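Here's the structure, in structure tokens; my notes come after.
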Amino acid sequence: MSNITNKKRPEKGQSLISFPETYTVIDIETTGLDPEYCEIIEMTAIRYSNGNIVDSFSTLVQPYWEIDRFITELTGITNEMVKDAPTIKPAIKQFYDFVKDDILVGYNVNFDINFLYDYLYECYQLPLSNSFVDVMRIARKLHPEWENHKLQTVASKFGIDTIAHRSYSDCETCNTCYTSLASEAIEKYDTFDSFAELFKPKHYSLSAKNIVATTDSFDEDHPLYGKVCVFTGVLEKMVRREAMQLVVNLGGICGNSVTKKTDFLILGNNDFCSSIKDGKSTKQKKAEQLILKGQDIKILSENVFYDMVSDAENGGVIS
């Protein structure tokens with residue numbers, strides 16, 4: 001179990017919108033979603049250059065706690081399989097020595113990066129500072145109309161057979177999706193620069209009224225359907241506009257400020273942690289005042305918000 005206290009990851013690498021020709025695809029399997037309480041049980045890194053595999057590293061990892069039945073059923077990794085595997089300390093050092101300063105590519109790669117960063121820092125006080133490309137982010141931008149953006153769903157759109165939840169096969173699947181999406185982006189937008197423009201912040205102030213749904217099919221039973229959501233603070237996993245898009249695509253409503261009509265206030269992860277020490281934004285203080293006056297407003301961390309939207313995305317946050 002991790003005893004990590006450094007949750008802000010100050011030396012974490014930069015998220016890139018890029019199609020590098022030389023890069024390393026990474027994927028990990030874990031016993032859960034929170035690096036503070038869950039463990040890595042498999043990790044893979046495959047280095048590609050000009051479309052070809054040039055080297056790879058893959059290992060099972062022996063966890064401190066036994067793997068429960070649910071994780072075994074999900075990943076196919078059993079306690080018997082990992083009993084002779086290296087523990088996290090030597091395994092993550094091998095991973096770190098392998099990737100060096102490569103650009104990392106992965107699917108919903110923030111999840112993998114955060115786990116690896118925290119464990120590498122805990123074991124060796126070394127930061128994982130590699131820049132990285134999130135293939136899921138590219139898929140969402142190119143195909144907002146798809147029913148969800150799980151790795152397996154995107155792979156199926158390109159006719160790719162998958163074996164879910166084993167790190168080596170997920171790396172191979174991710175790479176095929178990456179190259180397919182890169183080709184599609186260039187074909188559709190002519191140049192990479194034209195495609196990259198889609199990700200640049202606009203010069204006008206972001207207003208909730210500018211966010212419109214990209215679907216006309218809504219689940220009226222979803223907890224965000226018809227609810228007014230307001231964001232505050234800097235989001236860790238995506239820009240605010242993308243988070244707002246998730247809300248409206250679920251039939252929710254985005255607001256710019258906290259009012260009596262607000263149902264949910266979502267705080268960026270770092271702001272949520274800071275709120276424990278009373279480092280509160282104006283929006284949070286307003287929400288708390290209204291709650292004390294009887295308004296039914298729920299204040300959510302960024303992580304809990306992603307848990308809510310991932311139900312509709314069928315795993316859109318964690319691949």
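The values are calculated or read from the model by the stated rules, or taken from the named source; none is laboratory data. Small disclaimer: the values here were computed from a predicted structure and weren't measured. Every residue, glycine as well, gets a Cβ built from its backbone with ideal geometry; the counts of neighbours run over all protein chains shown. We work out accessible area using only protein heavy atoms, side chains counted, and drop any ligands, DNA or RNA first. Shrake-Rupley method; radii C 1.70, N 1.55, O 1.52, S 1.80 Å.
Remarks
- One residue alone among 125, 152 is out of contact with any Pro (no Cβ under 9 Å at 6 or more places or on another chain) and at pLDDT 95 or above, and that residue is 125.
- Residue under evaluation residue 226, criteria (1) modelled with pLDDT of 85 or more; (2) within 30 Å of residue 42 (Cβ to Cβ); (3) in contact with a strand residue (DSSP E or B) (Cβ under 9 Å, 6 or more places away or on another chain), criterion not met: (2)
- Restricting attention to the range 251-269, the residues being crowded, with 21+ Cβ neighbours inside 10 Å, among the aliphatic types (A, V, I, L, M) and at pLDDT 90 or above number 3.
- Only one of the numbered conditions (1) open to solvent by 70 Å² or more (accessible area, probe 1.4 Å); (2) modelled with pLDDT under 85 is violated by residue 168, and that is (2).
- Residue satisfying condition, being buried (at least 20 other Cβ atoms within 10 Å of the Cβ) and assigned to a helix (DSSP H, G or I), within set 179, 173: 173
- Flag for residue 185 being open to solvent by less than 20 Å² (accessible area, probe 1.4 Å) and at pLDDT below 85: no
- Taken over the range 71-90, the residue count meeting the criterion of being within 23 Å of the chain's Cα centre (by Cα) and open to solvent by less than 20 Å² (accessible area, probe 1.4 Å) is 3.
- Pairs, first modelled with pLDDT under 55 in the range 270-289, second open to solvent by less than 40 Å² (accessible area, probe 1.4 Å), C-beta under 7 Å, six or more apart: 275/267; 275/284
- Any hit, the range 39-51, residues being modelled with pLDDT under 95 and over 25 Å from residue 125 (Cβ atoms): yes
- Positions within the range 32-70 being open to solvent by 30 Å² or more (accessible area, probe 1.4 Å) and under 14 Å from residue 87 (Cα atoms), in sequence order: 58, 60, 62, 64, 65, 66
- Matching residues, the range 226-248, being outside any loop (DSSP other than H, G, I, E, B) and open to solvent by 40 Å² or more (accessible area, probe 1.4 Å): 240, 241, 242, 245
- Any chance residue 119 is open to solvent by 50 Å² or more (accessible area, probe 1.4 Å) and of a type in the set (Ser, Thr, Tyr): no
- For the range 133-161, a tally of residues being crowded, with 19+ Cβ neighbours inside 10 Å, assigned to a loop (DSSP other than H, G, I, E, B) and of a type in the set (Val, Ile, Thr) returns 0.
- Within the range 92-109, the set of residues being in contact (Cβ under 8 Å) with a residue 12 or more places away in the chain and not in a loop (DSSP other than H, G, I, E, B) comprises 92, 93, 94, 95, 96, 98, 99, 104, 105, 106, 109.
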